[in-house]
1. For segment 195-241, give me the residue count where each residue is more than 15 Å from the ligand (Cβ to nearest atom) and touching a strand residue (DSSP E or B) at 6+ places or on another chain (Cβ under 8 Å).
2. Select from segment 144-176 the residues that are at positive phi and either crowded, with 16+ Cβ neighbours inside 10 Å or modelled with pLDDT under 95 (or both) and list them in ascending order.
3. On the basis of being within 28 Å of residue 330 (Cα to Cα), away from the ligand (no atom under 16 Å from the Cβ) and at pLDDT 95 or above, does residue 66 make the cut?
4. Of all the helices (runs of 4 or more DSSP H) wholly in segment 62-133, which have at least 3 residues that are within 27 Å of residue 52 (Cβ to Cβ) and in contact with a helix residue (DSSP H, G or I) (Cβ under 6 Å, 6 or more places away or on another chain)?
5. Cβ contacts < 7 Å: first residue without any contact (Cβ under 8 Å) to a residue 60 or more places away in the chain, restricted to segment 191-205; second residue away from the ligand (no atom under 12 Å from the Cβ) and assigned to a helix (DSSP H, G or I), any location; separation 6+ or different chain. Result?
6. Name the pairs whose Cβ atoms lie under 9 Å apart, with the first residue in segment 231-258 and surrounded by 10 or more Cβ atoms within 10 Å (Cβ to Cβ), the second part of a loop (DSSP other than H, G, I, E, B) and at pLDDT 75 or above, and 6 or more positions between them or separate chains?
7. Any residue at all in segment 147-166 that is within 14 Å of the ligand (Cβ to nearest atom) and within 15 Å of the chain's Cα centre (by Cα)?
8. Could you tell me whether any residue of segment 269-287 is at pLDDT 95 or above, in a strand (DSSP E or B) and touching a helix residue (DSSP H, G or I) at 6+ places or on another chain (Cβ under 6 Å)?
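The values are calculated or read from the model by the stated rules, or taken from the named source; none is laboratory data. As the structure is a prediction and not an experimental result, all values here were calculated from the model. Cβ: placed from backbone, ideal geometry, glycine included. Neighbour counts: every protein chain shown.
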Ligand SMILES: *Cc1c(COP(=O)(O)O)cnc(C)c1O
C-alpha cells in the first residue's frame, strides 16, 4: 500500500527487542530499513548478521553517542549538543553519520519547534561528520494528536521552505508511525512524505488511532502462553488490615467474603503489562502481582500444568518480549 504511494517503510523492531529472526523477516518482506528505539537492540541485530540500514528512532543518549555512530546508519535527533557529540565520534571513526531532524508538530513529545527548524538545520549542516538526511515527525504517541492531511502537508511545507532557504534536498521526509495508517490509506496526495516508521500495524494488525483491527492484516501473529500453577475453588474472608496491596493499589474487591474458582498462572507484572493481556478463552483476569496472575473462569476448570493463552496489545508485546523469563519461540520460520 505504501509502495503505491512511493512511501518507504522502516520496520520498527522495538516491540520484539530487536529479534534478529523477525528483523530478517521484515527485510525479506520488503521494508527499506529497520528502526529501533534502543541502540542495544540495533547492536544485537547487527551482531546477528541482519543486513539492513539501521535507524535509531529515539534521540540518542549523549552517553551512547559513540555506539550510535558505529551501530546505526541514521538516527532521529532533536538536540544540537547530541548531534555535535555524534559528529565528534563519527569523525574519530572516519565515517559520516546521517540524522533525521524531528519536528514538533503538536504531540508534545520530541522535536524542534516549527519556527526553529531552518536555523537548527543550518547549525547541524555546519558539523563536519554529519549529513542531514531529512526531517521527521512523530504524532499520536503521547497526546494522541491525529496525523492527517493538514499535519502531513505542514511537515512537507516546512521541508520545502528549509530546502529552498538552504539550497539543499532532503532525501527522507518521515511522516510518522502506525497511527498514520488511516491517513496513508485514504489520502490522494502524500505531499513530500516518503517514509513511515511502522511497528504495531505489522506485528499486531491494529490501527492504534482507532484501536481497531485492520481487516487485511493478521491479529494473531503473537500469543503469550502461560501455565497454571494453582487451581482451586475458594471461599475466603478478606481480612484487610491495610487496604493497599504490594503495589500500593487499593483493592477493587468490595465484598469481604468471596467465593469462586481461582486459577493462578505463573506469570506476573515482571513479565508483561497485565492490562494488555487479552484472554483467549472464557475467563477473566482478577488481579496480578509480580509473579502471579489470578484468573477466574465461569465454565472452564483449568488444571495445574495446563497452558493458558493470551493475545497481546502492543504494550504487552513490548514488555513480554523484554522479560528474560518469557521464552520466545518462532513458529514456521522460513
Ligand atoms: C515506536 C515508534 C515508532 C513506531 O510506532 P508504531 O506505533 O509501532 O508504528 C515510530 N517512530 C518513533 C519515533 C517511535 O518511537
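1. Initially, segment 195-241 is screened for residues more than 15 Å from the ligand (Cβ to nearest atom), giving 215-216, 218, 220, 223-241.
Keeping just the survivors that are touching a strand residue (DSSP E or B) at 6+ places or on another chain (Cβ under 8 Å) gives 220, 223-238.
Residues in segment 195-241 being more than 15 Å from the ligand (Cβ to nearest atom) and touching a strand residue (DSSP E or B) at 6+ places or on another chain (Cβ under 8 Å): 17 in total.
2. Step one: list which residues in segment 144-176 are at positive phi, which gives 144, 167, 176.
Selection gives 144, 176.
3. Working: within 28 Å of residue 330 (Cα to Cα): no; away from the ligand (no atom under 16 Å from the Cβ): yes; at pLDDT 95 or above: yes.
No.
4. Details: elements: 65-71, 80-92, 117-125.
Answer list for segment 62-133: 65-71, 80-92.
5. 191/152; 191/153; 191/156; 192/156; 192/159; 192/160
6. Filtered contacts from segment 231-258: 231/301; 231/302; 231/303; 231/304; 231/306; 245/289; 251/245.
7. No, segment 147-166 contains no residue that is within 14 Å of the ligand (Cβ to nearest atom) and within 15 Å of the chain's Cα centre (by Cα).
8. Yes, segment 269-287 has at least one match.
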